[in-house]
Structures are given as structure tokens and as C-alpha cells.
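Here's the structure, in C-alpha cells; my notes come after.
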Amino acid sequence: MISYARQTHEEQPAAAPPPVEEHIAPAPRVSVQAFCETVETAAAVQSAGEDRRLGKAHLKIQMGGMAAAIEAYRSAPTPNVIVLESDGRSDLLSGLDQLATVCDAGTRVVVIGRINDVMLYRELVRRGVSDYVLAPVGAIDVVRSICNLFSAPEAKAVGRIIAVVGAKGGVGASTISHNVAWAIARDLAMDAVVADLDLAFGTAGLDYNQDPPQGIADAVFSPDRVDTAFIDRLLSKCTDHLSLLAAPATLDRVYDFGTDAFDAVFDTLRSTMPCIVLDVPHQWSGWTKRALIGADDILIVAAPDLANLRNTKNLFDLLKAARPNDRPPLYCLNQVGVPKRPEIAAAEFAKAIESQPIVSIPFEPQIFGSAANNGQMIAEISANHKSIEMFLQIAQRLTGRSETKKQKSSLLSPLIDKLRGK
């Protein structure tokens, strides 16, 4: 019997692919070797290897299919995952039996085949094959299959990372990110954490009226200590569902980081929190680019002027090219309607970006200024303010969740509550 680790499957052919908005957890640092029979499949696997979710995996591609795999592992150890393409049935099963004699324990196998037959599927599962994918395959099919091998159904769900960045400094991206995180926690009832990545000038601590002695800098400067317990000690609780990983906002040291400086922090947060909102500062460096490309969803905040339009377009183009298997970034317009300021209309902005903004948030300095100075969210200042519905709309789009159902109140509600109490 082949010693492949089994994956739990229902005994039925693969269903239609999920929508683009599906959440696929990134794969850990594993070795993957693919043995393809067609150039089309090889190209799809090659493209999958460039996907952000396989960024930590070491992928090698070789032509020759099953025969090449058997020959390769006669004298070499097998990787964590083997991807095999086969267009036969009897040859496939006999080939798997031969591969079992040279396969190391714990290796997982994904088979790409062209036969849509439940009996074949049962035979593959019986031999310990982890997944069977029908050809022709696209890059996202390969990504999904490999990543799902390491997302056991009984394991805790891997958190979704949402990155919020301003197209230009001073457009209110931090304010938007903090209020959207508040909506995720309060209205969608998801446990969320805000990570303030602007270590020198971050405002999340001020906006949530928190002044923790420790924060994200302690994790970044001590990567060897980062684990779940260490991160939990650094979190500052804002509400029942919302926590903060605050920036020190001090200038006693410089914050020059390597490209992968935040990787350990993000990986640990993914394993402990369903939703992580990154407040990304407006700067362009290796680690900010990596944080944006590696996020599950991205929100760009822009003001309606020419510089913001240019920068939003540049961000859109770069991120769409770097993330071909993800949905495009989302963006919103903020500070719309500043008196006497010439502005680019939302329709013109959308035409240039080739995408509509989620919302256009009006310029209201009184309420936003009061919230900032009081260390409160807009919902705490004015429960019925129109921007609250916009923040919820953004939260729903970024998380893929609907609003928690609330009972509609009426004039009879007090009387009904009394009757229920009796």
C-alpha cells in the first residue's frame, strides 16, 4: 500500500470550481515536484508556482509523467508533494503501485487526469492518493489542490489578511482601515486584529484610545521569539471582537526592515485570528510591497485628484500583474466634496481605473475630526451617520460576509419586549 497521507474526500467527482472570492490558505514551506505529460499542464503548474499562496513552496517541474517519477525516486528521496499527470487508467493504477515501492512515508500525491469516473476515484483514494484533479487544469486549480493538502478540515481556519493602503499620504487610509475593522468586529461579529505597520507615526493607538506598553515593534525586532503566546501578549483588546497590534509611534530608533521582516508576525496572526487588517503606511519598500501582494484582499483609499488617480492606477496595474489568480484590488474615494477644491468626478476616476469605487465617502471634517481627537470610531460618535453604512459595505466586500441579521425595531417593540419578559 502506498504510504501517502490521505485527505478526507467525499466519493464523487470534483465539483465546479468555487468563485474567485474563495479563500485559499497559503501553503507552508514544502517541496513540490510535478511530473507532467503535456506542455499545457506544465505551463499551468509553472504559473501556480508563481502564485503568492505557493510563495514559500519549492516547486520543480519535469516532463515524463508517471514513468519519469518512478525512475527519479529510485535513487532520490521523495518531496512533500508529488503532482502526477496521467491520461490512462490501468497504466495509472499500476504506475501508482510501482511508485509505492520507491515513495517515502508521508509524501502526498495529487493526480491530474482526464477520466471523470467515480470508480477510478475510489481506487485512487483506496491507494492513498490525496487529490484527483480533472484536466485541463488552470493555475488556480493547482494552487487550490496543493494548499488544501495542508488545511485539514479539523484544523482552525486560517485567517484572512486585508491590507489597506493610501494612494497618497493624508487621504485618510488609516481612519478608513480602523473604522472598517470596527465594522468587521461589531457588525459581522468576526474576531479581528488591526496591525499598525507605520511604526514611527502610526495612529491606531490614538484612534482606539489605547496606549499599550508593547506592540508590533517587539515582534518585528525579536523574530525568533514570535509564536502564538508571544503575539497574544502584545495584543491590546479594544472590544470583545477587536484587538490591536499597536505601533510604538516613537522616533528613538529607525525602522529599516528587510523584505520578509513581518512574515513571522503575519503567519502567527493567520493561525490565531479569523481576520487581520493591515494598516499599511504610504511608502514603497520591499516589505510594504510584499505585504500588499501577500494579502488576501486589498483596499486602496484615494482622494479625487490627479496624483491619487495616477498612484491608484499604478497600484492597480502592479497588483493585478503580481496576483493573476486573485480578484483585483478594491478602492474607495475619500474626502469627496472639499469646498472650493477642483475634483475628478467618480465616473472619470472609474473610467481611468477601469473599476468602480466601492463607496465615495464625503468630506466631513467635523465628525471625523471629533472622532480622531476623542479616540473614538464614527459609530461611537454618531450611531446613524451615513458613513457607518459605507464602512459596513466595505467590510462585507473585503470579508465576503453578509451583515449579521438584526431585528427591525418598530413602535410596538417596547410592548413586545415586555410581553416576552412576562
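Quick check on D224: is it over 14 Å from the mean Cα position of the chain (by Cα) and in a helix (DSSP H, G or I)? Against the criterion (over 14 Å from the mean Cα position of the chain (by Cα) and in a helix (DSSP H, G or I)), D224 qualifies. Examine region 164-187 for a residue that is surrounded by 24 or more Cβ atoms within 10 Å (Cβ to Cβ), farther than 26 Å from P365 by Cβ and under 18 Å from the mean Cα position of the chain (by Cα), and state whether such a residue exists. Within region 164-187, not a single residue is surrounded by 24 or more Cβ atoms within 10 Å (Cβ to Cβ), farther than 26 Å from P365 by Cβ and under 18 Å from the mean Cα position of the chain (by Cα). When you scan region 13-42, how many residues do you find that are at pLDDT below 60 and more than 29 Å from the chain's Cα centre (by Cα)? Residues meeting the conditions: 0. Scanning region 79-86 turns up no residue that is surrounded by 15 or more Cβ atoms within 10 Å (Cβ to Cβ), touching a residue at least 40 places away in the same chain (Cβ under 8 Å) and assigned to a helix (DSSP H, G or I). Checked against the criterion of being in a loop (DSSP other than H, G, I, E, B) and either crowded, with 24+ Cβ neighbours inside 10 Å or touching a Ser or Thr at 6+ places or on another chain (Cβ under 6 Å) (or both), the candidates P304, P339, P328, P324 yield just one match: P304.
If the condition is being on the phi < 0 side of the Ramachandran plot and under 36 Å from the mean Cα position of the chain (by Cα), then region 101-115 contributes C103, D104, A105, T107, R108, V109, V110, V111, I112, G113, R114, I115.
Yes/no per residue for (1) surrounded by 19 or more Cβ atoms within 10 Å (Cβ to Cβ); (2) more than 24 Å from the chain's Cα centre (by Cα):
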{"position": "L333", "(1), (2)": "yes, no"}
{"position": "A345", "(1), (2)": "no, yes"}
{"position": "A371", "(1), (2)": "yes, yes"}
{"position": "N384", "(1), (2)": "no, yes"}
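Does L411 satisfy being over 30 Å from D317 (Cβ atoms), assigned to a helix (DSSP H, G or I), modelled with pLDDT under 95 and outside the structural domain of K320 (by TED's automatic domain parsing)? Judged against the criteria, L411 is not a match. Condition first: in contact (Cβ under 8 Å) with a residue 60 or more places away in the chain, in contact with a Leu (Cβ under 6 Å, 6 or more places away or on another chain) and either more than 15 Å from A192 (Cβ to Cβ) or among the hydroxyl-bearing types (S, T, Y) (or both). Can you find one or more residues in region 237-252 that meet it? Checked against the condition, which is being in contact (Cβ under 8 Å) with a residue 60 or more places away in the chain, in contact with a Leu (Cβ under 6 Å, 6 or more places away or on another chain) and either more than 15 Å from A192 (Cβ to Cβ) or among the hydroxyl-bearing types (S, T, Y) (or both), region 237-252 yields no hits at all. The listed residues are V129, V137, V193, V125, and the only one of them that is assigned to a helix (DSSP H, G or I) and either within 29 Å of S243 (Cβ to Cβ) or not basic (K, R) (or both) turns out to be V125. State whether the residues of region 284-292 include one that is at pLDDT below 95, within 18 Å of the chain's Cα centre (by Cα), in a helix (DSSP H, G or I) and β-branched (V, I, T). No, the conditions are met nowhere in region 284-292. Residues that are free of Cβ contacts under 8 Å to residues at least 60 places away in the same chain and in the same structural domain as D198 (by TED's automatic domain parsing) are absent from region 273-282 altogether. The single residue among R144, R114 that is assigned by TED's automatic domain parsing to the domain that holds V39 and surrounded by 18 or more Cβ atoms within 10 Å (Cβ to Cβ) turns out to be R144. Checking each residue in region 204-215 for being modelled with pLDDT of 95 or more, of a type outside the set (S, T, N, Q) and either more than 20 Å from L278 (Cβ to Cβ) or part of a helix (DSSP H, G or I) (or both) picks out A204, G205, L206, D207.
From the set of residues in region 43-65 that are among the aliphatic types (A, V, I, L, M) and modelled with pLDDT of 90 or more, which is nearest to the chain's Cα centre (by Cα)?
So the first thing to find is which residues in region 43-65 are among the aliphatic types (A, V, I, L, M), and the list is 43-45, 48, 54, 57, 59, 61, 63.
Filter once more, keeping what is modelled with pLDDT of 90 or more: 43-45, 48, 54, 59, 61, 63.
On the way: A43: 25, A44: 22, V45: 21, A48: 16, L54: 13, L59: 21, I61: 26, M63: 32 Å.
Taking the candidates together, the pick is L54.
The values are calculated or read from the model by the stated rules, or taken from the named source; none is laboratory data. Since this is a predicted model, take the numbers as computed values, not measurements. Virtual Cβ from ideal backbone geometry, glycine too; neighbours counted across all protein chains shown.
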